[in-house]
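The values are calculated or read from the model by the stated rules, or taken from the named source; none is laboratory data. Bear in mind that the values here come from a model prediction, so they are computed numbers and not experimental data. For neighbour counting, all protein chains shown are included, and Cβ atoms are generated from backbone atoms with ideal geometry for every residue, glycine included.
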Amino acid sequence: MSKPEFYCVGNWKMNKSPAQAAEFISKLKEQAKPEEQSRLVVMPPALVAFEVAQQLKGSSLRWGGQNSYFEAAGAFTGENSPQILKEMGAQFCLVGHSERRQIFGEADDLLAKKVQALQGMGITPILCVGETLDDRRWNRTQEVIVRQTRGGLQAADPTKPMWLAYEPVWAIGTGEVATPLQVEEAHSILRKALKEWSAQTANEVPILYGGSVKADNARSLAGINNVNGFLIGGASLKVDDFLSIYRLSASPAAV
Ligand code: PEP
């Protein structure tokens, strides 16, 4: 892996039908220059991924899954495997988004298996970590995000691509954004945790920030040390918003 560039990853969550996704991609292909396209990733719902994969052909835009199980195949009703994602052309997959941790009860040991299985299939896992409001109030942010990082990476291969996303749970979908100081502190803690995991490759792992990123805060967040990209939920659903966040982050404000 080479030095991190700035990326914007759009997590659509359970939004957009295949037709809406096709309209989005066609507009994004029209508006984003090829060099911009290569820095953008969309994450559609699993059933919409086929349509997205077809629409992305011939562009440098990439897509990823929002979730994957770790087994290759079998009696796991409702799940998708890294093998399926790979064949469909996914290059990334979220692991441990806070909605998966909180709503679906996913814990670090399971997430570690997902990271390992995805890397094994040549898909880049984006491991999400972040503290709740209570964790922050009780000064447990560092403990929580380091534990989630170590836990999620316990079986990971440092020689294979892997991304991290810092997403304070209290900032996701709430309109509340972490302050530049909070983001800087968390990302520096994470970089340190990555160095303990793999001194050789830690600096090459992009660390994304996620949590109510919008056009009006993108420039200041993008300028923070160790922020190598954004994971964007709500504001990734409209092409204009998604692209303007990327463009604003390309000329970050000095922090
Ligand atoms: C997310 O879903 O990962 C996210 C950060 O959402 P939002 O941008 O809407 O806060």
remark   = Here the qualifying pairs (Cβ atoms under 6 Å; residues six or more apart or on different chains; first in the range 96-120 and over 14 Å from Tyr69 (Cβ atoms); second among the β-branched types (Val, Ile, Thr) and in a helix (DSSP H, G or I)) come out as Ser98/Val169
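Among what's in the range 171-181 and is touching a residue at least 40 places away in the same chain (Cβ under 8 Å) and buried (at least 16 other Cβ atoms within 10 Å of the Cβ), pick the residue that is nearest to the ligand (Cβ to nearest atom).
Residues of the range 171-181 that are touching a residue at least 40 places away in the same chain (Cβ under 8 Å), as a first pass: 171-173, 177, 180.
Filter again for buried (at least 16 other Cβ atoms within 10 Å of the Cβ), leaving 171-172, 177, 180.
Working: Ala171: 6, Ile172: 4, Val177: 9, Pro180: 17 Å.
So, considering only residues that are touching a residue at least 40 places away in the same chain (Cβ under 8 Å) and buried (at least 16 other Cβ atoms within 10 Å of the Cβ), the one nearest to the ligand (Cβ to nearest atom) is Ile172.
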message = Every residue in the range 113-133 that is buried (at least 22 other Cβ atoms within 10 Å of the Cβ) and either under 15 Å from Arg147 (Cα atoms) or within 16 Å of the ligand (Cβ to nearest atom) (or both), please.
response = Pro125, Ile126, Leu127, Cys128, Val129, Gly130, Glu131
Failed condition for Ile232, given (1) under 22 Å from Gly64 (Cα atoms); (2) within 16 Å of the ligand (Cβ to nearest atom); (3) surrounded by fewer than 24 Cβ atoms within 10 Å (Cβ to Cβ); (4) of a type outside the set (Gly, Ala, Ser) = (3)
ask   = In the range 151-185, how many residues are at pLDDT 95 or above, among the aliphatic types (A, V, I, L, M) and within 16 Å of the chain's Cα centre (by Cα)?
value = 6
key: Hits in the range 81-98 (condition: in a helix (DSSP H, G or I), away from the ligand (no atom under 16 Å from the Cβ) and polar (S, T, N, Q))   = Gln83
key: Residues within the range 203-234 that are out of contact with any strand residue (DSSP E or B) (no Cβ under 7 Å at 6 or more places or on another chain) and either among the polar types (S, T, N, Q) or over 21 Å from Gln182 (Cα atoms) (or both), tallied   = 7
request  = Inspect all residues belonging to the range 207-222 and state whether any of them is hydroxyl-bearing (Ser, Thr, Tyr) and within 15 Å of the ligand (Cβ to nearest atom).
outcome  = yes
